[in-house]
1. Just rank B:LYS173, B:LYS43, B:LYS75, fewest to most, by other beta-carbon atoms within 10 angstrom.
2. Across the stretch A:34-43, in residue order, what do the Karplus-derived ³J(HN,Hα) couplings come to in whole Hz, using 6.51 cos²θ - 1.76 cosθ + 1.60 with θ = phi - 60° and x for Gly and Pro?
3. How would you rank A:VAL49, B:VAL218, going from fewest to most other Cβ atoms within 10 Å of each one's own Cβ?
4. Rounded to the nearest 500 deg cm²/dmol, what is the calculated helix-only ellipticity per residue at 222 nm for chain B, with -39500 (n - 2.57) per DSSP H run of length n ≥ 4?
5. For chain A, what does -39500 (n - 2.57) per DSSP helix run (n ≥ 4), summed and divided by total residues, give at 222 nm, in deg cm²/dmol to the nearest 500?
6. Need one number: % antiparallel among DSSP beta bridges in the protein assembly as shown, to the nearest 5.
7. Order these by the 10 Å Cβ neighbour count, fewest first: B:MET176, B:MET206, A:MET103, B:MET1.
8. If one takes the longest principal axis of the Cα atoms in chain A, at what angle in degrees, from 0 to 90 and to the nearest 10, does the Cα axis of helix A:266-294 lie?
Amino acid sequence: MKPFRILKSNFLESFKGVFRNFSLSIASITCITITLILVGFSIFVTLNVNNFTAEIEKDMTIVVFLDRKASDEDIDAIKEKIESLDNIKKITFNSKEDVKKSMQKESEIFNTILSEYTESNNPLQDSFLIKVEDINRIGDTANEIQTIEKITLVKYGEGSVEELVKIFDLVKKITYIAVVALVIVTAFLISNTIKITIQSRKREIEIRRLVGASNAFIRQPFFFEGIIIGFLGSIIPIAICCFGYSYLYERLGGKLFTEIIRLIDPKAINYMVMVALVVIGVVVGALGSFRAVRKYLKV
Amino acid sequence: MQLIEFKNVYKRYQNGVSALCDVNLEISKGEFVFIIGESGSGKSTIIKLLYRQEKPTSGEVFVGGINVARLRNGKVYKLRRKLGVVFQDYKLLPKLTVYENVAFALEIYGLKKSEVRRRTLEALEQVGLKDKLRSFPDELAGGEQQRVSIARAIVNNPKVLICDEPTGNLDPKTSMEVMRVIESINNDLGTTVIMATHDEKIVNKMKKRVVVIDKGLVVDDTMKGKYKNETI
């Protein structure tokens, strides 16, 4: 009962602490608010960049054209051989008939020209469409496929793909580093702000020590205060970032400049970002307070 | 073993000042002891060693069975729960009322609200401030503020009441009032009182044990002592 009562009274005490030192609390809350807005903003940018690159990478395909003389057995054998390679995610067979049909559908001209050919004299080639697991190794995989017999051509957009993958990787890394760096900066900034605000409560801490409070006891209310401040500080960033993003999404119709760059639906990520911002605010606030009090516990 | 023992205590501060030199002192339960001496004589250092604001450079200090010299920072609270400390500058929290300031010292024990109330009122009654519960410290006179801090010091029933120049900021009349309060605590509750002071009148009037410190040495230790100018 006793520890619980102490915990409870310290928890209530922390609310008093926030409001009794309101102007100082506002300083800490504002500091958290500003940095969390930046963090939230960068999280949205990161998620969208990642989503965009993932979408593009998903579309990258190796096309394997087969020898015209390949029999059905040969085709099965080739398929098996390709499947046995690593880094193969999905393989689909596209017979020349299928290709013909889909081309006929595409335009009237193709339709009239291609309808003259029968199955035996179809000028098109059977092909496999292959998706890979790791886009960075697409070149190696294509080379391996090239060595299989009865394959005439392997295409995957050489050159341009490698460049694109490299750029995407770099962009991803930069956005990750930016988010992590921002969180660290936030932690330091908040810790220092709280340290300054606690300066004025040095006397309170000193007297607590003198009347026989243990260090853990003294820290408790400050710890809770940090949590409260972190929580309050994350409300405005959540509102700005999540509503702002939803609004932007609606205004832009879900895409940025062109149809290729699609934005993530805010419904899918808003909750995650909300939770992330609250957690960052609370954890950083609590740790900042915890660290800030330490200095005064040596009297 | 006595309640308080100093054994060959030396204290040298970081800046090289030697404050205490081979101090040996024993204080038993229920005593009322004045520690007197000029500014810089080392009497404040003795007080600070008692509540472990400072650690001795060498030698041992025992308070209620606790070896203060060996007490780690994280365990200091165990010592301080046995003590009440009163300062020259009261050290009250300006944003708390008289009642809250005293109850503040009980918070750490996790007592029931009714128990906190009972003991807080008891302590305030002992110092004669039961009618000022809701006042804030800056609404009180100096002597009253000091009595609040005494109430805070005794609210947890300490074995020892340590006073560091408690009358230093008060006029002679108020000083005597405060001394009456401290004496009553010594008489009524049997609390051991150790007081550092350089108030000649008080020492002479109270006729208690007097320990004289000069240049870090105990130069005199007499029962029913007086403040003799020739000794210091």
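1. Working: B:LYS173 8, B:LYS43 27, B:LYS75 13.
Taking fewest neighbouring Cβ atoms as first place, the list is B:LYS173, B:LYS75, B:LYS43.
2. Once θ is set to phi - 60°, the couplings for the stretch A:34-43 become 4, 5, 5, 4, 4, 4, x, 4, 5, 5 Hz.
3. Values: A:VAL49 17, B:VAL218 21.
Result, fewest neighbours first: A:VAL49, B:VAL218.
4. On the way: 7 runs with 75 residues, N = 232.
Value at 222 nm, helices only, nearest 500: -9500 deg cm²/dmol.
5. Details: 11 runs with 208 residues, N = 299.
The helix-only estimate for chain A comes to -23500 deg cm²/dmol at 222 nm.
6. Working: 33 of 51 bridges.
Within the protein assembly as shown, antiparallel bridges account for around 65 percent of the total.
7. Numbers: B:MET176 18, B:MET206 23, A:MET103 14, B:MET1 9.
Arranged by neighbour count, lowest to highest, B:MET176, B:MET206, A:MET103, B:MET1 become B:MET1, A:MET103, B:MET176, B:MET206.
8. 40
Quick note: the coordinates plus some simple rules give every number you see, no bench work behind them. Here the structure is a predicted model, which means the values were calculated and not measured. All Cβ positions, glycine included, derive from the backbone under ideal geometry; neighbour counts span all protein chains shown.
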